[in-house]
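**Q** Handing you this structure, nothing more for now.
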């Protein structure tokens with residue numbers, strides 16, 4: 001697993017990325033930088049990080065991204 005130099009939110013569907021940005025989430029946390037690419041790649045991922053470090057978004061954004069990709073016109 002390697003730390004991504006790019007913003008991992010760029011890996012998300014543009015509509016989802018826009019929604020995330022409109023809600024004030026611009027820069028990913030370290031936990032998100034590590035977990036989002038792994039989860040998007042379909043790898044089983046265990047994320048252990050302190051409260052408030054972005055674990056929930058790290059887990060749910062890839063799931064929402066899959067929903068967007070599977071249902072592009074809804």
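All of the numbers you see were taken from the coordinates with simple rules; none came from a lab. Owing to the predicted nature of the structure, the values given are computational and were not obtained by experimental measurement. Note: ideal-geometry Cβ built from the backbone for every residue, glycine included; neighbour counts use all protein chains shown.
**Q** Residues that are without any contact (Cβ under 8 Å) to a residue 60 or more places away in the chain, over 12 Å from the mean Cα position of the chain (by Cα) and buried (at least 16 other Cβ atoms within 10 Å of the Cβ): does the stretch 17-31 have at least one?
**A** No: zero hits.
**Q** Another question about this same structure. Being without any contact (Cβ under 8 Å) to a residue 24 or more places away in the chain and part of a helix (DSSP H, G or I) is true for just one of 47, 60. Which residue is that?
**A** 60
**Q** Residues in the stretch 32-44 that are without any contact (Cβ under 8 Å) to a residue 12 or more places away in the chain and either surrounded by 10 or more Cβ atoms within 10 Å (Cβ to Cβ) or in contact with a strand residue (DSSP E or B) (Cβ under 7 Å, 6 or more places away or on another chain) (or both): how many?
**A** 2
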